[in-house]
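Undergrad: Take this structure, written in structure tokens, and hold onto it; I'll ask about it next.
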Amino acid sequence: MRRVLVVDDEDIVRDVLSEMVETAGPYKAETAVDGMDGLDKISGGAYDIVFTDLKMPNLGGIAFMERLRELNPAIPVVVVTAHSHLDTALSAMREGASDFITKPFNFSDIKYVLERVSRERDILKSISDDGDRGKLIKTLNSALYKKLHEINNLFAISLELDELRDNNSVYERLPSMVARLLKARTVILMRAENDSVVADHCIGEVLDFEMPIAGSVFGEVADRRMHRLIQVGERSPIYGTVLKTDFLIIPLLLGEETLGFLCITDKSEIYSFTDDEVNLATTLMHKVSLRLENNALYEVTCSNLINTLETLVLTIEARDSYTKKHSERVTSIALEIAGEVECTTEETDAIRFGGYLHDIGKIGVRDMILLKPSRLTDAEFEEIKKHPVIGDNIVSPLGSFPMERLLIRHHHERFDGKGYPDGLAGEDIPRIARILSVADTYDSMTSTRPYRTGLRHDVAIDEIKRCAGTQFDPEIVRAFIQTPTGQGGGD
């Protein structure tokens with residue numbers, strides 16, 4: 001029975017991890033509430049493995065490891081960290097940690113780490129007993145180099161995952177990520193659809209494939225919620241042929257739901273997957289599941305925020321019947337221009353949402369000015385000019401809309417630098433703001449106000465052409481004239 005010490009300041013983490021450790025095999029788990037408590041326990045007894053959190057009061061994980069090395073450098077340490085602290089885990093590996101696990105815990109990861117660390121401890125102990133220090137150092141260096149290389153690759157891919165804010169992008173990029181990580185020539189993402197698995201995104205030559213989940217190896221993997229390794233000499237679950245390389249299947253999970261399966265085969269260097277490679281792949285899939293879950297929560301949160309902000313816009317437009325539907329019309333025109341100048345998907349999405357919110361700052365402008373039925377005085381116009389900054393300040397605490405903020409703040413800048421609020425000029429003005437400026441001006445000129453009648457389409461177009469190069473970006477003006485609205489189709 002191996003003794004394992006779990007050091008963490010959170011009760012729930014200690015309890016869950018201890019239970020998983022004891023379930024994983026012949027291990028007896030004991031706990032410590034922080035680094036100092038852990039050192040006291042180690043001073044009073046022999047332990048085979050230590051799990052330690054990095055963020056703890058009294059004595060943090062790195063300092064605890066340094067003190068532990070002084071007491072007993074032979075005890076392997078496994079670092080417990082959150083996904084967002086993987087860079088800290090990498091630093092801990094450089095300080096001598098044997099491995100790391102991420103929260104929330106995955107039982108298969110815990111079991112694998114315990115088995116691997118125990119095996120390495122036994123090997124090192126036998127080498128140490130033989131007294132061959134040169135062999136010991138060589139073995140340690142080789143193991144450390146390999147582990148650091150694996151962690152660096154996993155960390156780089158984790159950073160890529162963090163940038164993918166929609167699940168379709170995750171599905172599309174996942175096969176290439178896994179192919180790089182495991183040096184595999186064939187990686188297939190199988191999506192679960194209507195009780196069948198269907199080949200979706202893939203790396204390598206893959207035929208169209210569909211198979212019922214029930215009664216297949218995919219059904220077995222889904223039921224067990226764990227990976228399945230089909231080895232050389234067995235039958236391929238897809239083609240039915242005898243395998244010349246291992247075939248690894250890992251479930252793609254989202255909570256209790258099985259979204260699909262990742263199939264990995266055709267290794268480029270050796271025919272079989274090592275235990276380390278299987279663990280790397282399952283660890284990555286665990287991170288992918290977290291990314292998918294976070295993206296789903298992000299979409300719900302954004303949807304709620306958008307609904308709230310759109311309600312604010314409707315409130316503003318309800319105050320002034322003459323600007324009703326203004327934001328909607330401006331956004332529609334801006335999207336036409338975006339199509340003409342071939343905006344990126346990111347720019348188009350920012351226009352679609354930010355265009356609707358571009359005047360949200362007017363909620364901070366007094367009614368006596370916003371609803372004034374005659375021309376504004378200079379002082380009143382100065383107050384109106386504050387609305388882009390007010391709008392930026394309303395949206396900025398949300399933290400999720402950086403491009404939309406640029407559009408809201410800068411849609412009244414001028415190409416010649418004489419606009420507001422920041423006096424930007426030329427291409428220093430974000431392109432999406434230059435686009436919205438033209439759309440906003442056209443709709444304002446052609447809309448009727450209490451103190452003037454809206455201009456005819458041709459008159460408004462002539463005015464916009466006249467201001468190209470001063471108020472507006474000439475390229476955006478040319479693009480606008482080619483749009484349906486610019487051609488008069490918006491009348």
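Nothing in this text is a laboratory measurement; each read-out follows from the coordinates by a stated rule. Just so it is clear, the structure is predicted and the values come from calculations on it, not from any experiment.
Undergrad: If you average the alpha carbon positions of region 3-69 and of region 193-245, how far apart do those two centres end up, in angstrom?
TA: Distance between centres, Cα-based: 40 Å.
Undergrad: Let me ask you something else. Take the Cα atoms of region 320-481, find their three principal axes, and give me the spread along each one in whole Å, biggest first.
TA: Principal axes ranked by extent give 41, 40, 28 Å for the Cα atoms.
Undergrad: From the P(r) of region 1-112, could you give the percentage of C-alpha pairs in the tail past 20 Å? Mind dumping the intermediate values first?
TA: On the way: 1918 of 6216 pairs.
Every Cα pair in region 1-112 considered, those over 20 Å come to 31 percent.
Undergrad: In the P(r) worked out for region 414-472, what percent of Cα pairs fall beyond 16 Å? The partial results should precede the final answer.
TA: Numbers: 795 of 1711 pairs.
For region 414-472, the fraction of Cα-Cα distances above 16 Å is 46 percent.
Undergrad: If you don't mind, there's one more thing I want to ask. Tell me, Kirkwood radius of region 18-82 from alpha-carbon pair distances, in Å?
TA: Details: mean 1/r = 0.0821 Å⁻¹.
By the Kirkwood definition, the hydrodynamic radius is 12.2 Å.
Undergrad: Of all DSSP beta bridges in the chain, what percent run antiparallel (nearest 5)?
TA: Working: 28 of 48 bridges.
Once the DSSP bridges in the chain are tallied, antiparallel ones form about 60 percent.
Undergrad: Still on this model: Can you pull the percent of Cα pairs in the chain with separation above 37 Å? Before the final figure, lay out the partial values.
TA: Details: 59918 of 120295 pairs.
Taking all Cα-Cα pairs of the chain, the fraction more than 37 Å apart is 50 percent.
Undergrad: I'd like the Karplus ³J(HN,Hα) series for region 167-181: coefficients 6.51, -1.76, 1.60, θ = phi - 60°, whole numbers in Hz, and an x wherever there's a Gly or Pro.
TA: 5, 4, 5, 4, 4, 5, 8, 4, x, 5, 4, 5, 4, 5, 5
Undergrad: Just need the relative contact order of the chain here, percent rounded to a whole number, with Cα pairs under 8 Å and 6+ apart.
TA: Values: 734 pairs, mean separation 37.6, N = 491.
Across the chain, relative contact order equals 8 percent.
Undergrad: Could you name the aspartates and glutamates whose alpha carbon sits less than 17 Å from that of Lys244, not counting residues in the same chain fewer than 8 places away?
TA: Glu205, Glu234, Asp266, Glu269
Undergrad: Across every pair of different alpha-carbon atoms, what Kirkwood hydrodynamic radius in Å does region 181-295 reach?
TA: Details: mean 1/r = 0.0701 Å⁻¹.
Roughly 14.3 Å, rounded to one decimal.
Undergrad: Quick one: Debye curve from the C-alpha atoms of region 235-355, no solvent, what's log10 I(q)/I(0) at q = 0.17, 0.23 Å⁻¹?
TA: Calculated log10 I(q)/I(0) at the listed q: -0.94, -1.26.
Undergrad: From the gyration tensor of the Cα coordinates in region 306-415, what semi-axes in whole Å does the equivalent ellipsoid have, largest first, with each one equal to sqrt(5λ)? It would help to have the intermediate numbers written out before the result.
TA: On the way: eigenvalues 114, 45, 40 Å².
Equivalent ellipsoid of region 306-415: 24, 15, 14 Å, largest first.
Undergrad: Before rounding to the nearest 500, sum -39500 (n - 2.57) across all DSSP H runs of length at least 4 in the chain and divide by the residue total; then give [θ] at 222 nm in deg cm²/dmol.
TA: Values: 18 runs with 256 residues, N = 491.
For the chain, the value works out to -17000 deg cm²/dmol.
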